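S.K.: Okay, handing you the structure first.
The values are calculated or read from the model by the stated rules, or taken from the named source; none is laboratory data. Since this is a predicted model, take the numbers as computed values, not measurements. As a convention, Cβ positions derive from the backbone with ideal geometry for all residues, glycine included, and neighbour counts pool all protein chains shown.
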Amino acid sequence: MAEPLLAAFGVTKSFGPVEVLHGVDFTVQRGEVHALVGENGAGKSTLMKILSGFHRPTSGAVRVDGRPMSFSGIGAAEASGVVLIHQEFNLAEHLTVEENIFLGRELRRGPFLDKRAMNERSRAILAELDCPVDPRARVRDLAVSERQMVEIAKAMSREVRVLIMDEPTAVLTGTESAVLFGLIRRLRDQGVGIVYTSHKLDEVRAITDRVTVLRDGHHIATRPTAELTEDGIAQLMVGRAISDLFPAKTPPAPDAPVVLEARGIDVPGWVRGAGFDLRRGEILGFAGLIGAGRTELAEGLLGLRRRTAGTLSRNGEPLRVRRLEDAVAAGIAYLTEDRKGKGLLLAKGLQPNLTLLALDRYGRVFVDERREAAALERAVTEFDIRVRTLDVPVGSLSGGNQQKLLLAKTMQVDPDILIVDEPTRGIDIGTKQQIYRFLHEFARRGGSVILISSEMPEIIGLSHRVVVMRSGVVTGVLEGDEVEEGEIVRYATGLKGRTVDGLKGFTPEGDAHDAVGHA
Amino acid sequence: MTPSVMPEAARKPSSGFDLKLYGPFLALAALIVLGTIVNPVFLSPGNIGNVLTRTAFIGIIAVGATFVITAGGIDLSVGSLAAFASGVMIVVMNALVGSMGAGLPVILVGVLVALGLGLAAGLVNGLLVTKGRMEAFIVTLGTMGIFRSLVTYIADGGTLSLNSEIRTIYRPVYYGGVFGISYPILAFAAVALVGALIMYRTRFGRHCAAIGSSEDVARYSAINVDRVKLLAFVLQGICVAIAVVIYVPRLGSASATTGLLWELEAIAAVIIGGTMLKGGYGRIWGTVVGAVMLTLIDNILNLTGAISVYLNGTIQGVIIIVAVLLQRGTVARR
Amino acid sequence: MTPSVMPEAARKPSSGFDLKLYGPFLALAALIVLGTIVNPVFLSPGNIGNVLTRTAFIGIIAVGATFVITAGGIDLSVGSLAAFASGVMIVVMNALVGSMGAGLPVILVGVLVALGLGLAAGLVNGLLVTKGRMEAFIVTLGTMGIFRSLVTYIADGGTLSLNSEIRTIYRPVYYGGVFGISYPILAFAAVALVGALIMYRTRFGRHCAAIGSSEDVARYSAINVDRVKLLAFVLQGICVAIAVVIYVPRLGSASATTGLLWELEAIAAVIIGGTMLKGGYGRIWGTVVGAVMLTLIDNILNLTGAISVYLNGTIQGVIIIVAVLLQRGTVARR
Amino acid sequence: AQQKIKMGVSIPAATHGWAGGLNWHAQQAEKRLEKQYPNLDVVIVTARDVGRQANDLEDLVSVQRIDALVILPFESAPMTDPVRAVKQAGKFVTVVDRGLTDPSIQDLYVAGNNPQMGEVSARFMKEKMGGKGDIVVLRGIPTVIDNQRVDAFMKEIEGTQIKVLGMQYANWNRDDGFKVMQDFLSRFPKIDAVWAQDDDIALGVIEAVKQAGREKEMFILGGAGMKDMIKRVMDKDVLVPADVLYPPAMIAEAMEITARHLVEKAPIQKEYIIEATLVTPENAAKYYYPDSPF
Ligand SMILES: Nc1ncnc2c1ncn2[C@@H]1O[C@H](COP(=O)(O)OP(=O)(O)OP(=O)(O)O)[C@@H](O)[C@H]1O
Ligand SMILES: Nc1ncnc2c1ncn2[C@@H]1O[C@H](COP(=O)(O)OP(=O)(O)OP(=O)(O)O)[C@@H](O)[C@H]1O
Ligand SMILES: [Mg+2]
Ligand SMILES: [Mg+2]
């Protein structure tokens, strides 16, 4: 075998007294896509940061082209062609897309920046990624998926020999992911070595050549992908077989009352005339392609975005929601898709984060810290948050564990209605199964769920009905056997259902294709 | 200072962080040692009493400032608000002597007036920041100029002096005390204690820190960001009013120079105490220590004749920097 | 607007953002209208020339402050540094007259001394902030006291006056000009232009913004965070030195009160100009406008004799707040 | 209407007690003079630092188009050139209190006498203490005026057995006077007298001394002529046996003389020096203005 492009030998890593990687070996060959998989907190991101020079291993060695890697400073690895796409966004929010893409290695003409060249190259790279973002837009104004694409574009603008991608597709929709896979294949064919992490095992199967499995910081196995099935990978990761990812659906009773009704919702710039009914015990999926406006619809409902028209009723009573507090008071909880920017205070500990949303439930005047601590312990068990000590800042949790904490935080208000936006983003397959069970149980016990997700299997596997949106307009509501991929895609792409140009948009009463008209 | 009032203490395990936590206290200890070396009188109860009593104004204001800064704001108007509130309080009390006679009721009205003004000023600052969506720095720079010029105006450029009869009745509020502890010290302790309770034990305190860390996360956690920020400014205003209530009996006067640069001192106390200027992390006990340190530095300089008076500022600056360097430089945080 | 284009359109900087961008200029225009109404003489070339010439000091310093603030820092020491550098410059020039005679060479040495001091002071502030890992607020609060007390010391508590022969030669640097434009205005324009070039057209400018936005991201992007911050402070120091070079010929003296509160004015100019106090976003042209606005407010107050002098501060405060409110309040940003 | 005569008055802003008195007297004089001379327009501008005062002069000349300037310079040396510029623009110039480095600029000089103030204070203390004892000195803000007073004071007590135990700046401010004195009281077990130099500082000192219960031990000498202090002298307060006059009313006098000269073309002397009079219980009533804010 040829000299590997990048190799780690017996790498261990400790944070303070805690060792999180125990003697891991790992190699990447030229023109190979090598998957790194494992449960949340297994140490994937940590290993990737070591491979790309962001962390220095506590012991062990990393070699690039057979030469020891210099950890003399960030940028040293990049100079030798090893580039990391971070799991957590690594973008300066106040700067523009172009400024971020070239941050730290700006192009110059003489002493001055060559803005034109950078702008053009950014545009070209973004176009190659099929990403319609303006290079002059500020990153703080972008949606998470767009930020991820910028992150990828930033990596692409480098001289890449080894590209390390930490869950790049976690926040991407199918279309965007497909674009990325095309890119990965092209790079591989050019001889670039690629390290790839994802909790979407179908992706791993489809685009990687070898798989390395980590469990609790230990190297478990490295095998050619072809030798493994998805179940096989899952079993190596979790240590047990994953069967029945989705629990059997228990649809709400036909006469289940409508607990939330939305009509004619307008969110300027994003959503027009959207409406839906949510029934007790129901999981209502929201599907759509990028830019369909599902997030904006949810945030418009909840008072997190400016809403210019529309009404809500809760259990038949009109409900006024001007700010999120009103929604929470009405028993509605919301899980944001932007865990880092809007979900968690990364510099603070687990406990204050967990209770931030529901602090009024922890004492009338003073916050009862003992009850908080107890709640944290419960949450850690219930949501399987893997953390070695409870005193660390949330920012040092692995991505998946942050997501679990965020879900736990959302549930602190004991909602009747749960609106979850990309709930399993960055969650490993074993935990996904737990979260699916959790949502299922929540609905079965009389709760109602609005599930916004870009993962088609998730939508199909959990939802009783599916609302499909396209360009800010509800194009259809699918029920029963209609809830299947082909049909959803047809509505989402405009092949079927209301045409988006229809001025009023969909409302359950007004539409011919009325799937809500249950008796 | 029990751990229950200072929850971070019990929870943070790493030694580097501990130093950051106890840094202000160590720096204070170093300063006390320095003072004792310079002049043994330093440790006399009289001197300590003087120093703490003097600290009370800035200390109380700084407790309020801790909330504003923790919530990501800043208030430059506190010094001039102190002057303005003192001035109005004196004018009102003087005016009431005629009708109500010199007595406790007049003083009570005066106190209420001061508190009312503090509250109103806090509201104005807070509303301009939240509803006006302006930077707190600019808003309070503006109100700083406004309050100061208003007190100059009502004092006709001169000094407003409290009616001497009222003065006699009111005087003990500064100069008196119980068990040898002056009322200003007691007031300072009470404000700090209440401040610590609010900061560490109530929702409001948590919400301030959350907003200072990330307004977006706070908003998505169903926190009424505007209301919390407004409240922080109001709290600051009330703290200033309390400081005024114990300041006025000291010299019984107010003028355009009253409270000059107090804002800088208050903010310095907060930051020396370990609160971050960017917000998100507030420490009341640190603020208390920071305020005491600032007064101590002055005191030590006055107790020694060894240094040219011209160089006072140099020594002061060096001590501040060294004290903070001692407590932070050692912290190997990356 | 077809719906499919709708989100695309929303990507573009919205019109609200534009207002934020042009806000300072609109506020300036409003102020000019106000001035003209108050007194038609306001628009005379003489008055405009005076106002701009005066703005030069604070303006030049504020250009430097824009970098420090954009990189997430703050520098409170600029006013006292200006006093200190002026003082040392004067002392050195006076001392050299004996040996070198009163002439251009002496002035050149003086200018170099000022620049050297500015650079050194910037280095001290910058190193304490970066290597000492202290908050810029505390570091520069300390050096503020130090510089001011040093100038008091070398002036023996009084005033340092420039030798009158040198003065005569040096004087035109403030009072002279070309084509009717005074040298301070030209210097201000040059500094602003260079500042804008650095801020918008060089790596350093971008890196300042990146650091102010997130130090971690900057560090992860292989930016030498400490060096950039250090450089920002050095740049600030040099800007102060340039201001000093045109300040000294104006009044030919320096004392303990020189440059008092300039730091506040400089920071105010920066923030009025739309730069964010928390860093991440710096606007040189905004700063220039902010500085001019502050001088204009003083000027307009001098144009009318209608108001009690005591209320100047009130008018000033109200104008600042209204100007900023006008430019921000309208911005419907969420 | 007929062309009005404009008189510009430039003074420091009311940032300490004495300057406050100055502002008050200037405004009183403005009202009085404008009533007395209908075709006179008085414009008062105040500045909080030297630079701004220089700006003010420019504005007075170029926009207000004054005919005469009455100025109390923030500081002598730096204001010399700006005032010269006013003179060169053909305006009548009256300088108050702080003489310019080039006296040939001014048409009229109305002044207090800072060195004399230090001298008079020292002479009183020498006399009162019998030429010996321990004193502490509280200074103002580091400026030339402060230096002149303190230098003259020190020169006058040279050769006596009066010992200056400590000296600190108290910034012409009551609060600082109070703090510094508290610490002096802690530091020195025996103090025979305090030279506070300024009445605002002295008021702070008095409170500190009272608090320490050491009123019997020492006396306090302030300066300026603040009404509270004059009252105490008048009432024979043992703590405050005297005061040294340095009246802020000199601005009013300067304005009056200048106005009279402008309007009535009255002949003038070139210099009016206001003596630093020692105020004692005997003459105190003469200097007591209960309506002044100072
Ligand atoms: N800076 C840090 N300080 C302390 N602990 C850390 C730090 N970074 C990571 N860890 C710990 O190391 C372990 C491995 O984390 P890592 O982020 O590598 O997991 P991961 O495999 O990427 O998980 P996920 O799939 O959830 O992203 C976790 O227990 C995490 O809490
Ligand atoms: N036509 C478009 N042109 C440019 N950008 C678009 C367009 N449509 C959508 N986008 C971008 O895609 C992002 C995703 O949109 P949105 O959040 O509304 O979709 P969603 O249905 O919630 O999908 P998801 O939450 O899976 O990203 C938008 O925030 C927007 O930035
Ligand atoms: Mg990870
Ligand atoms: Mg979305």
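S.K.: Please work out if B:Val97 is surrounded by 20 or more Cβ atoms within 10 Å (Cβ to Cβ), more than 23 Å from the chain's Cα centre (by Cα), more than 11 Å from chain C (Cβ to nearest Cβ) and assigned to a helix (DSSP H, G or I). First the steps, then the outcome.
M.R.: Working: surrounded by 20 or more Cβ atoms within 10 Å (Cβ to Cβ): no; more than 23 Å from the chain's Cα centre (by Cα): yes; more than 11 Å from chain C (Cβ to nearest Cβ): yes; assigned to a helix (DSSP H, G or I): yes.
It is false that B:Val97 is surrounded by 20 or more Cβ atoms within 10 Å (Cβ to Cβ), more than 23 Å from the chain's Cα centre (by Cα), more than 11 Å from chain C (Cβ to nearest Cβ) and assigned to a helix (DSSP H, G or I).
S.K.: Further question on the same structure: Do we have any residue at all in segment A:110-127 that's among the hydrophobic types (A, V, I, L, M, F, W, C), in a loop (DSSP other than H, G, I, E, B) and more than 7 Å from chain C (Cβ to nearest Cβ)? I'd like the intermediate steps shown before the answer.
M.R.: Taking segment A:110-127 as the starting set, the residues that turn out to be among the hydrophobic types (A, V, I, L, M, F, W, C) are A:112-113, A:117-118, A:124-127.
Retained after the next criterion (residues that are in a loop (DSSP other than H, G, I, E, B)): none.
No, that holds for no residue.
S.K.: Is there any pair linking a residue in segment A:38-49 that is away from chain C (no Cβ under 14 Å) and more than 12 Å from A:Thr212 (Cα to Cα) to one that is within 16 Å of ligand 2 (Cβ to nearest atom) and at pLDDT below 90, with Cβ under 7 Å and at least six apart or on different chains, and which?
M.R.: A:Asn40/A:Ile427
S.K.: Looking at D:Lys270, D:Lys216, D:Lys236, can you tell me which residue is away from chain B (no Cβ under 14 Å) and at positive phi? Working first, answer last.
M.R.: Working: D:Lys270 fails: at positive phi; D:Lys216 fails: at positive phi.
Being away from chain B (no Cβ under 14 Å) and at positive phi holds for just one of D:Lys270, D:Lys216, D:Lys236, which is D:Lys236.
S.K.: Only one of these is within 14 Å of chain A (Cβ to nearest Cβ) and touching a helix residue (DSSP H, G or I) at 6+ places or on another chain (Cβ under 8 Å): C:Ser221, C:Ser213, C:Ser253. Name it.
M.R.: Values: C:Ser213 fails: touching a helix residue (DSSP H, G or I) at 6+ places or on another chain (Cβ under 8 Å); C:Ser253 fails: within 14 Å of chain A (Cβ to nearest Cβ).
None of the other options fit; the residue is C:Ser221.
S.K.: Please verify whether segment A:303-316 includes one or more residues that are within 15 Å of ligand 2 (Cβ to nearest atom), in contact (Cβ under 8 Å) with a residue 60 or more places away in the chain and closer than 16 Å to A:Pro415 by Cβ.
M.R.: Among the residues of segment A:303-316, not one is within 15 Å of ligand 2 (Cβ to nearest atom), in contact (Cβ under 8 Å) with a residue 60 or more places away in the chain and closer than 16 Å to A:Pro415 by Cβ, which makes the answer no.
S.K.: When you go through A:Ile460, A:Ile452, A:Ile419 one by one, which is the residue that is within 14 Å of chain B (Cβ to nearest Cβ) and within 16 Å of ligand 2 (Cβ to nearest atom)?
M.R.: On the way: A:Ile460 fails: within 14 Å of chain B (Cβ to nearest Cβ); A:Ile452 fails: within 14 Å of chain B (Cβ to nearest Cβ).
One residue alone meets the criteria, A:Ile419.
S.K.: A:Arg136: out of contact with any strand residue (DSSP E or B) (no Cβ under 8 Å at 6 or more places or on another chain) and on the phi < 0 side of the Ramachandran plot, yes or no? Steps first, please.
M.R.: On the way: out of contact with any strand residue (DSSP E or B) (no Cβ under 8 Å at 6 or more places or on another chain): no; on the phi < 0 side of the Ramachandran plot: yes.
Criteria not met by A:Arg136.
S.K.: State the number of residues belonging to segment B:195-216 that are more than 16 Å from B:Phe233 (Cα to Cα), among the β-branched types (Val, Ile, Thr) and at pLDDT 95 or above.
M.R.: Result for segment B:195-216: 0.
S.K.: Considering segment A:295-313 alone, what residues qualify as being within 26 Å of A:Pro254 (Cα to Cα) and crowded, with 20+ Cβ neighbours inside 10 Å?
M.R.: If the condition is that a residue be within 26 Å of A:Pro254 (Cα to Cα) and crowded, with 20+ Cβ neighbours inside 10 Å, then A:Ala298, A:Leu301, A:Leu312 are the ones that fit.
S.K.: With respect to B:Arg206, is the statement that it is charged (D, E, K, R), surrounded by fewer than 21 Cβ atoms within 10 Å (Cβ to Cβ) and within 12 Å of chain A (Cβ to nearest Cβ) true?
M.R.: Details: charged (D, E, K, R): yes; surrounded by fewer than 21 Cβ atoms within 10 Å (Cβ to Cβ): no; within 12 Å of chain A (Cβ to nearest Cβ): yes.
Judged against the criteria, B:Arg206 is not a match.
The rows are residues; the columns are (1) within 16 Å of ligand 4 (Cβ to nearest atom); (2) surrounded by fewer than 19 Cβ atoms within 10 Å (Cβ to Cβ); (3) without any contact (Cβ under 8 Å) to a residue 24 or more places away in the chain.
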| site | (1), (2), (3) |
| --- | --- |
| A:Leu6 | no, no, no |
| A:Phe9 | no, yes, no |
| A:Val24 | no, no, no |
| A:Arg30 | no, yes, no |
| A:Ala35 | no, no, no |
| A:Leu51 | no, no, no |
| A:Thr58 | no, yes, no |
| A:Val62 | no, no, no |
| A:Arg67 | no, yes, yes |
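A quick yes/no check of all residues on (1) buried (at least 24 other Cβ atoms within 10 Å of the Cβ); (2) more than 24 Å from B:Leu26 (Cα to Cα); (3) within 14 Å of chain C (Cβ to nearest Cβ):
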position	(1), (2), (3)
B:Val234	no, yes, no
B:Ala243	yes, yes, no
B:Val248	yes, yes, no
B:Ala269	yes, no, yes
B:Thr295	no, no, no
B:Gly305	no, yes, no
B:Ile320	yes, no, yes
B:Leu325	no, no, yes
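S.K.: Enumerate the pairs (first residue in segment A:285-299 and more than 18 Å from A:Thr311 (Cα to Cα) and within 10 Å of chain C (Cβ to nearest Cβ); second residue anywhere and near ligand 4 (Cβ under 9 Å from one of its atoms) and aliphatic (A, V, I, L, M)) with beta-carbon separation below 9 Å, excluding pairs fewer than 6 apart on the same chain, so at least 6 apart or on different chains.
M.R.: Filtered contacts from segment A:285-299: A:Ile290/A:Ala143; A:Gly291/A:Ala143.
S.K.: Go through segment D:180-198 and count every residue that is among the charged types (D, E, K, R) and assigned to a loop (DSSP other than H, G, I, E, B). I'd like the intermediate steps shown before the answer.
M.R.: Residues of segment D:180-198 that are among the charged types (D, E, K, R), as a first pass: D:183, D:187, D:190, D:192, D:198.
In the following step, the residues that additionally are assigned to a loop (DSSP other than H, G, I, E, B) were identified as D:190, D:192, D:198.
Residues in segment D:180-198 being among the charged types (D, E, K, R) and assigned to a loop (DSSP other than H, G, I, E, B): 3 in total.
S.K.: Quick check: anything in segment D:111-129 more than 10 Å from every other protein chain (Cβ to nearest Cβ), in a loop (DSSP other than H, G, I, E, B) and at pLDDT below 90? Full working, then the answer.
M.R.: Initially, segment D:111-129 is screened for residues more than 10 Å from every other protein chain (Cβ to nearest Cβ), giving D:111-129.
With in a loop (DSSP other than H, G, I, E, B) added as a condition, the list becomes D:112-113.
This time we only want the ones that are at pLDDT below 90, so: D:112-113.
Within segment D:111-129, one or more residues are more than 10 Å from every other protein chain (Cβ to nearest Cβ), in a loop (DSSP other than H, G, I, E, B) and at pLDDT below 90.
S.K.: A follow-up question, please. How many of the residues in segment A:394-422 are more than 8 Å from ligand 1 (Cβ to nearest atom) and within 18 Å of B:Val217 (Cβ to Cβ)? Steps first, please.
M.R.: Step one: list which residues in segment A:394-422 are more than 8 Å from ligand 1 (Cβ to nearest atom), which gives A:394, A:404-422.
Next, only the ones that are within 18 Å of B:Val217 (Cβ to Cβ) stay: A:394, A:404-413, A:419-422.
The number of residues fulfilling the criteria is 15.
S.K.: Has segment C:256-268 got at least one residue that is closer than 17 Å to D:Ala13 by Cα and at pLDDT 90 or above?
M.R.: yes
S.K.: While we're here: For residues that are under 23 Å from B:Val91 (Cα atoms) and in contact with a Leu (Cβ under 7 Å, 6 or more places away or on another chain), scanning just segment B:124-151, find the one that is surrounded by the fewest Cβ atoms within 10 Å (Cβ to Cβ). Quick ask: steps written out before the conclusion?
M.R.: Step one: of segment B:124-151, the residues under 23 Å from B:Val91 (Cα atoms) are B:124, B:143-151.
Cutting the leftovers down to in contact with a Leu (Cβ under 7 Å, 6 or more places away or on another chain) gives us B:144, B:147, B:149.
Working: B:Met144: 22, B:Phe147: 29, B:Ser149: 24.
Restricting to residues being under 23 Å from B:Val91 (Cα atoms) and in contact with a Leu (Cβ under 7 Å, 6 or more places away or on another chain), the top hit is B:Met144.
S.K.: Do we find a residue being surrounded by fewer than 17 Cβ atoms within 10 Å (Cβ to Cβ), away from ligand 2 (no atom under 16 Å from the Cβ) and without any contact (Cβ under 8 Å) to a residue 60 or more places away in the chain anywhere in segment A:207-218?
M.R.: For segment A:207-218, residues surrounded by fewer than 17 Cβ atoms within 10 Å (Cβ to Cβ), away from ligand 2 (no atom under 16 Å from the Cβ) and without any contact (Cβ under 8 Å) to a residue 60 or more places away in the chain: absent.
S.K.: Inspect all residues belonging to segment A:327-348 and state whether any of them is within 16 Å of ligand 1 (Cβ to nearest atom), part of a helix (DSSP H, G or I) and surrounded by fewer than 22 Cβ atoms within 10 Å (Cβ to Cβ).
M.R.: yes
S.K.: Residues in segment A:131-148 that are without any contact (Cβ under 8 Å) to a residue 24 or more places away in the chain and within 8 Å of ligand 2 (Cβ to nearest atom): how many?
M.R.: In the first step, residues of segment A:131-148 are kept if they are without any contact (Cβ under 8 Å) to a residue 24 or more places away in the chain; the result is A:132, A:141, A:146.
From what is left, the residues that are within 8 Å of ligand 2 (Cβ to nearest atom) are A:132, A:146.
Residues that pass the stated criteria total 2.
S.K.: Another one. Here's a check for you: in segment A:388-412, which residue that is within 12 Å of chain B (Cβ to nearest Cβ) and touching a Lys or Arg at 6+ places or on another chain (Cβ under 9 Å) is farthest from ligand 4 (Cβ to nearest atom)?
M.R.: As a first pass, look at segment A:388-412 and keep what is within 12 Å of chain B (Cβ to nearest Cβ): A:388-396, A:406, A:409-410, A:412.
Next, only the ones that are touching a Lys or Arg at 6+ places or on another chain (Cβ under 9 Å) stay: A:390-391, A:393-395, A:406, A:412.
Details: A:Leu390: 31, A:Asp391: 33, A:Pro393: 27, A:Val394: 22, A:Gly395: 23, A:Leu406: 15, A:Gln412: 23 Å.
Here the answer is A:Asp391.
S.K.: Filter segment D:14-53 for residues that are touching a Phe, Trp or Tyr at 6+ places or on another chain (Cβ under 9 Å) and among the aliphatic types (A, V, I, L, M); which is surrounded by the most Cβ atoms within 10 Å (Cβ to Cβ)?
M.R.: D:Ala14
S.K.: Which of the following residues is at pLDDT 85 or above and exposed (fewer than 14 other Cβ atoms within 10 Å of the Cβ): C:Ala29, C:Ala9?
M.R.: Values: C:Ala9 fails: at pLDDT 85 or above.
Unique residue meeting the criteria: C:Ala29.
S.K.: Might you check whether a residue that is more than 14 Å from chain B (Cβ to nearest Cβ), within 16 Å of ligand 2 (Cβ to nearest atom) and under 19 Å from A:Ser45 (Cβ atoms) occurs anywhere in segment A:429-439?
M.R.: Keep residues of segment A:429-439 that are more than 14 Å from chain B (Cβ to nearest Cβ), which gives A:429-439.
Narrowing further to those that are within 16 Å of ligand 2 (Cβ to nearest atom): none.
Among the residues of segment A:429-439, not one is more than 14 Å from chain B (Cβ to nearest Cβ), within 16 Å of ligand 2 (Cβ to nearest atom) and under 19 Å from A:Ser45 (Cβ atoms), which makes the answer no.
S.K.: May I pose another question? How do the pairs read when you match residues in segment A:154-181 that are more than 14 Å from chain C (Cβ to nearest Cβ) and at positive phi with residues anywhere that are assigned to a loop (DSSP other than H, G, I, E, B) and within 15 Å of ligand 2 (Cβ to nearest atom), using Cβ under 6 Å and keeping only pairs 6 or more apart or on different chains?
M.R.: A:Glu167/A:Gly426
S.K.: Run down A:Arg371, A:Arg378, A:Arg364 and say which single residue is more than 21 Å from A:Arg425 (Cα to Cα), surrounded by fewer than 19 Cβ atoms within 10 Å (Cβ to Cβ) and under 26 Å from the mean Cα position of the chain (by Cα).
M.R.: Details: A:Arg371 fails: under 26 Å from the mean Cα position of the chain (by Cα); A:Arg364 fails: under 26 Å from the mean Cα position of the chain (by Cα).
Result: A:Arg378 is the single residue among A:Arg371, A:Arg378, A:Arg364 that is more than 21 Å from A:Arg425 (Cα to Cα), surrounded by fewer than 19 Cβ atoms within 10 Å (Cβ to Cβ) and under 26 Å from the mean Cα position of the chain (by Cα).
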